[in-house]
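**Student:** Take this structure first; my questions come after.
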Amino acid sequence: SPGSTDAGVDDAAVCHALNDIMTIVDNADLGLADGRMAAQERDGWHMLATRVLDRIPPSEDPVLSQGLADLRATSPPVPAGAKGPAQGIGSPAWHDALASVADTCAAADAEMTVQSFTGG
């Protein structure tokens, strides 16, 4: 993939992938809160987010790689077809891990952002 090295991918690519995960989670949470989806659907989106997170390659930056490891430990990948909610998403540990990488992402010109697009 572009930017790949033996040590991992560049910081911006990792941060953009994390932004996509945050977008999945945020829009699913908004959909549930607004009554546009049921908890089962939101849980499905959260489970997808855990699998996407698990596929992000390590970063060249040790702080960012540790943040990925912390997020994965907080919310491990849920296999496709599994039942029940993903664990850890939205927990204090989840938010702490995201916050720990914010400065690294900003320095890589890839600030942590969420694109909210559900609900009109």
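The values are calculated or read from the model by the stated rules, or taken from the named source; none is laboratory data. Given the structure is predicted, the values throughout are model-derived calculations rather than measurements. In this analysis, Cβ positions are derived from the backbone assuming ideal geometry, glycine residues included, and neighbour counts consider all displayed protein chains. Side chains are part of the model used for accessible areas, which takes the heavy atoms of the whole protein and leaves out ligands, DNA and RNA. Shrake-Rupley method; radii C 1.70, N 1.55, O 1.52, S 1.80 Å.
**Student:** Normalised by the residues of the chain, what does the relative contact order come to in percent, with Cα pairs under 8 Å and at least six apart?
**Tutor:** 35 percent
**Student:** Follow-up. Give the accessible surface of the chain per residue, rounded to a whole number of Å², with probe radius 1.4 Å and ligands, DNA and RNA excluded.
**Tutor:** 54 Å²
**Student:** Also: Within the chain, which whole H helices from DSSP have a Cα span along their axis of at least 20 Å and a mean Kyte-Doolittle hydropathy of -0.5 or more, if any?
**Tutor:** Answer set is 11-33, 92-107.
**Student:** Excluding residue 99 itself, what net charge comes from residues whose Cβ is under 14 Å from its Cβ, given Lys and Arg +1 and Asp and Glu -1?
**Tutor:** -4
**Student:** Right, here's the next one. What's the longest piece of the chain with no exposed trypsin sites (Lys or Arg not before Pro), counting a site as exposed if DSSP puts it in a loop and it has at most 14 other beta carbons within 10 Å?
**Tutor:** The longest such stretch corresponds to 84-120.
**Student:** Here's something else I'd like to know. Considering only protein heavy atoms and a 1.4 Å probe, what is the carbon-and-sulfur percentage of the accessible area of the chain?
**Tutor:** After summing per-atom areas, the C and S share lands at 55 percent.
**Student:** If I model a spin label at residue 117 and residue 55 as a point 7 Å from the Cα along the Cα→Cβ vector, what separation in nanometres do I get?
**Tutor:** My value for the distance between the label points is 1.7 nm.
**Student:** Report, in deg cm²/dmol and to the nearest 500, the calculated mean residue ellipticity at 222 nm for the chain, where each DSSP H run with n ≥ 4 adds -39500 (n - 2.57) and the sum is divided by the residue count.
**Tutor:** Result for the chain: -19000 deg cm²/dmol, rounded to the nearest 500.
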